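The values are calculated or read from the model by the stated rules, or taken from the named source; none is laboratory data. Keep in mind it's a predicted model, so treat the numbers as computed, not measured. Quick reminder, even Gly has a Cβ in these numbers, built from the backbone with ideal geometry, and neighbours come from all protein chains shown. Side chains included, ligands, DNA and RNA excluded: accessible areas come from the protein's heavy atoms. Shrake-Rupley method; radii C 1.70, N 1.55, O 1.52, S 1.80 Å.
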Amino acid sequence: MVGADTAWIIVATALVLFMSLPGLALFYGGLVRSRNVLSVFMHVYAIACLMSLLWLAVGYSIAFGPGESGYWGGLDRAFLTGVDTDTVFGTLPEVLFFAFQMTFAIITPALIVGAYVERIGFGFVLLFSAIWMLVVYAPVVHWIWGGGMLSDGGILGEIGVRDFAGGIVVHETAGLAALVLAVMLGARKNNTTPPHNPGMVMIGAAMLWVGWFGFNGGSQLAADGGAAMALTVTHISAAAASLSWGLWERVKYGKVSLVGVVTGTIAGLASITPASGFVGPVAALIIGSVAGILCQEAVTLIRNKARIDDTLDVFAVHGVGGIFGTIMILFFASDVSAVAQFGGLAIVGVYTIVLTFVIARLVGLITPLRVDEETEVNGLDLSVHGERAYDMSS
């Protein structure tokens with residue numbers, strides 16, 4: 001074990017958890033109506049708790065277990081069987097690698113929250129997220145990061161999929177799952193209300209930006225120049241996408257919005273994620289600059305042309321951004337295969353869409369997918385959780 005590597009990944013693990021709690025919760029919470037903000041916090045917080053326990057139980061083993069199957073890692077590492085303080089994964093204590101990857105297993109289903117806020121049943125959120133993480137996310141992790149069928153020497157050839165920190169594993173899976181659920185749910189009764197607290201959105205986005213240093217920089221799994229470069233290109237892409245999003249807003253609408261600029265930040269972060277270990281600063285500048293415009297146009301397409309109420313634009317920002325960044329690796333990196341990149345996107349995409357639909361249907365037989373109309377109109381905070389975010393009389 002290398003002490004510097006261990007110290008850095010401990011910090012990176014905390015940073016990635018910080019992305020979900022409180023970053024993502026605040027970013028999403030500020031974007032909804034005031035009567036639903038606590039429900040968003042509850043969804044993200046409860047998912048963080050539940051995914052942690054499931055990752056310990058079997059998720060980690062499915063993703064990174066020593067099983068010889070190219071499809072899943074087996075159950076030999078269930079409940080961290082065989083792992084103690086002396087067990088190593090590369091240069092790291094394996095229990096630390098487990099914890100770092102656990103934070104990814106938390107944020108991926110939490111990203112999907114943005115598609116169904118303001119109309120989803122709380123029981124459905126928990127049961128769907130639990131099954132989806134184990135059946136969709138964990139196997140995909142194994143395929144690409146765990147030595148499975150999409151890695152080097154797998155079904156796509158000697159050069160497997162290149163996905164440094166989760167363009168496919170995290171952002172494509174979450175984005176497509178969000179799109180499927182948004183279509184299945186249908187639009188909200190009132191989907192024209194503006195974000196109730198843009199300031200909260202900016203604070204959450206800023207926390208996500210800082211936490212993303214652990215997300216991408218930590219994926220190097222070492223305290224070295226590669227981690228430093230991943231962190232640097234992450235920052236450059238985020239900054240470029242923020243400005244290009246704002247500039248494109250100015251061209252189209254005559255004004256630059258705070259919510260727009262910080263949404264551009266997230267687009268730039270999602271887009272650089274798969275490429276962050278393979279590209280330099282100039283490539284990051286290009287990727288981020290394009291991502292700010294591309295993802296904004298995807299928002300317009302999904303909302304206005306396709307008429308899909310993906311409430312907080314999860315697919316347009318995370319899905320499109322992650323897919324775009326995965327493709328951009330072909331233009332800016334060496335030792336990469338077009339067959340592997342496009343094949344990986346296609347295989348994971350189809351798998352995610354089909355399994356998300358099936359899981360949602362099955363869970364819907366147990367607990368309602370959508371709350372009733374009265375609950376939706378009154379807001380989920382008071383109707384479902386018995387609380388208000390803001391009480392002006394106190």
Counting only protein heavy atoms with a 1.4 Å probe and every protein chain in place, the carbon and sulfur fraction of the accessible surface of segment 83-190 in whole percent equals 62 percent
Expressed in angstrom and rounded, the centroid-to-centroid distance over alpha carbons for segment 192-256 and segment 319-365 is 22 Å
Taking Lys and Arg as +1 and Asp and Glu as -1, residues besides residue 183 with C-beta under 11 Å from its C-beta add up to -1
Expressed per residue, the solvent accessible area of the chain in Å² (1.4 Å probe) is about 38 Å²
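Using a 1.4 Å probe over the heavy atoms of the protein chains, calculate the carbon and sulfur portion of the accessible area of segment 1-65 as a whole percent.
Values: 1670 of 2100 Å².
After summing per-atom areas, the C and S share lands at 80 percent.
Specify whether the C-alpha gyration tensor of segment 27-125 places it in the rounded, prolate or oblate class, a ≥ b ≥ c being the square roots of the eigenvalues: rounded for a/c under 1.5, otherwise prolate if a/b is larger than b/c and oblate if not. Mind dumping the intermediate values first?
Numbers: a/c = 3.15, a/b = 2.40, b/c = 1.31.
It comes out prolate by the Cα gyration axes.
In segment 275-357, what percent of the accessible surface is made up of carbon and sulfur (1.4 Å probe, ligands and nucleic acids excluded)? It would help to have the intermediate numbers written out before the result.
Values: 2370 of 3280 Å².
Exposed carbon and sulfur together represent 72 percent of the surface.
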Among the DSSP H helices of the chain, those whose Cα atoms extend at least 24 Å along the helix axis and whose mean Kyte-Doolittle hydropathy is -1.0 or higher are 37-54, 94-116, 225-253, 281-300, 338-364
Expected max-MSF residue from 116, 45, 351 in the GNM of the chain (alpha carbon, under 10 Å) is 351
The chain, Gaussian network, Cα under 10 Å: of 119, 307, 188, the residue fluctuating most is 307
Ranked by GNM mean-square fluctuation in the chain (Cα springs under 10 Å), the top entry among 139, 195, 274 is 195
Expressed in angstrom and ordered largest first, the alpha-carbon extents of the chain along the principal axes are 56, 48, 40
